[in-house]
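The block underneath contains the structure these notes are about, expressed in structure tokens.
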Amino acid sequence: MAFLRPIAPGDASLSLAGDGIFLRTPQFSDFPEWSALRAKSREFLAPWEPIWPSDDLTRSAFRRRIRRYRTEMREDQTYPFFVFRNAGGILVGGITLSNVTRGMTQAATIGYWMGEPYAGQGHMSAALGALTPYAFKTLRLHRLEAACLAHNAASIRLLEKCGFQREGLSRGLVCIAGRWQDHIRFARLASDD
């Protein structure tokens with residue numbers, strides 16, 4: 001059923017402009033820069049992410065990831081982006097709209113990560129600022145949701161700064177660092193603008 005589908009199907013080479021950054025869908029050619037940044041940031045990211053598979057930073061795992069992203073974009077399920085600084089086109093992190101639901105809900109979940117050398121510099125605020133209008137206007141979503149660990153002060157600040165409202169605590173929501181952990185849920189509606 002095509003009830004309230006986006007204006008155009010997912011584009012495997014989509015790019016969005018933001019304040020000092022741009023978002024672009026991941027490409028096979030991003031592997032060296034992506035794997036280097038993720039490897040350098042592994043200890044920094046580990047407390048906030050699921051445990052990485054043993055082959056996570058391999059070229060073959062990245063290739064599978066890109067193929068899955070492309071399929072999920074075509075099927076209007078997931079819209080992944082890498083975040084690049086305008087200055088030098090340097091990869092600094094990633095942001096994804098996933099779990100896209102249509103019909104009566106018209107919602108998606110936002111997830112994100114930032115490489116350690118670039119954390120705290122406003123890049124993710126700019127990325128979320130670029131992604132939000134795309135989600136509401138182009139994809140015609142009504143609701144964006146995000147959740148973060150209750151002790152992740154930086155993520156809480158980011159979501160509140162970007163207009164997301166706290167909705168409550170979800171017990172054991174996501175398996176992070178090998179444990180099912182509680183998350184604070186946030187949401188922003190298209191009508192909140």
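The values are calculated or read from the model by the stated rules, or taken from the named source; none is laboratory data. These numbers were taken from a predicted model, which means no experiment stands behind them. Note that each Cβ is placed from the backbone with ideal geometry, even for glycine, and that neighbours are counted across all protein chains shown.
Checked against the criterion of being touching a strand residue (DSSP E or B) at 6+ places or on another chain (Cβ under 7 Å) and exposed (fewer than 13 other Cβ atoms within 10 Å of the Cβ), segment 123-133 has no qualifying residue. If you scan segment 134-163, which residues turn out to be among the charged types (D, E, K, R) and under 15 Å from Arg185 (Cβ atoms)? Of everything in segment 134-163, those that are among the charged types (D, E, K, R) and under 15 Å from Arg185 (Cβ atoms) turn out to be Arg143, Glu145, Glu160.
Small (Gly, Ala, Ser), outside any strand (DSSP E or B), in contact (Cβ under 8 Å) with a residue 40 or more places away in the chain and exposed (fewer than 15 other Cβ atoms within 10 Å of the Cβ), is that true of Ala36? Spell out the reasoning first.
On the way: small (Gly, Ala, Ser): yes; outside any strand (DSSP E or B): yes; in contact (Cβ under 8 Å) with a residue 40 or more places away in the chain: no; exposed (fewer than 15 other Cβ atoms within 10 Å of the Cβ): yes.
So Ala36 fails the test.
Would you please name the residue that is farthest from Val174 (Cα to Cα), looking only at residues in segment 39-84 that are of a type in the set (Asp, Glu) and surrounded by 13 or more Cβ atoms within 10 Å (Cβ to Cβ)? Result: Asp76. Taking residues in segment 129-143 that are more than 10 Å from Leu97 (Cβ to Cβ), and partners anywhere that are β-branched (Val, Ile, Thr), the pairs with Cβ atoms closer than 6 Å and at least 6 places apart or on different chains are Thr138/Ile7.
Evaluate the following for Ala147: is it more than 21 Å from Pro50 (Cα to Cα), of a type in the set (Gly, Ala, Ser), surrounded by 14 or more Cβ atoms within 10 Å (Cβ to Cβ) and modelled with pLDDT of 95 or more? Spelling it out, it is not the case that Ala147 is more than 21 Å from Pro50 (Cα to Cα), of a type in the set (Gly, Ala, Ser), surrounded by 14 or more Cβ atoms within 10 Å (Cβ to Cβ) and modelled with pLDDT of 95 or more.
Picking from residues in segment 43-92 that are of a type in the set (S, T, N, Q) and without any contact (Cβ under 8 Å) to a residue 60 or more places away in the chain, the one that is nearest to Cys148 (Cα to Cα) is Thr78.
Residue-level analysis places Gly88 among those that are modelled with pLDDT under 95 and either closer than 27 Å to Lys40 by Cα or in contact with a helix residue (DSSP H, G or I) (Cβ under 8 Å, 6 or more places away or on another chain) (or both).
With respect to the conditions (1) surrounded by 15 or more Cβ atoms within 10 Å (Cβ to Cβ); (2) modelled with pLDDT of 95 or more; (3) touching a strand residue (DSSP E or B) at 6+ places or on another chain (Cβ under 7 Å), Cys162 lacks only one, and its number is (3). The single condition from (1) under 21 Å from Ile110 (Cβ atoms); (2) out of contact with any helix residue (DSSP H, G or I) (no Cβ under 6 Å at 6 or more places or on another chain) that Ser41 fails is (2).
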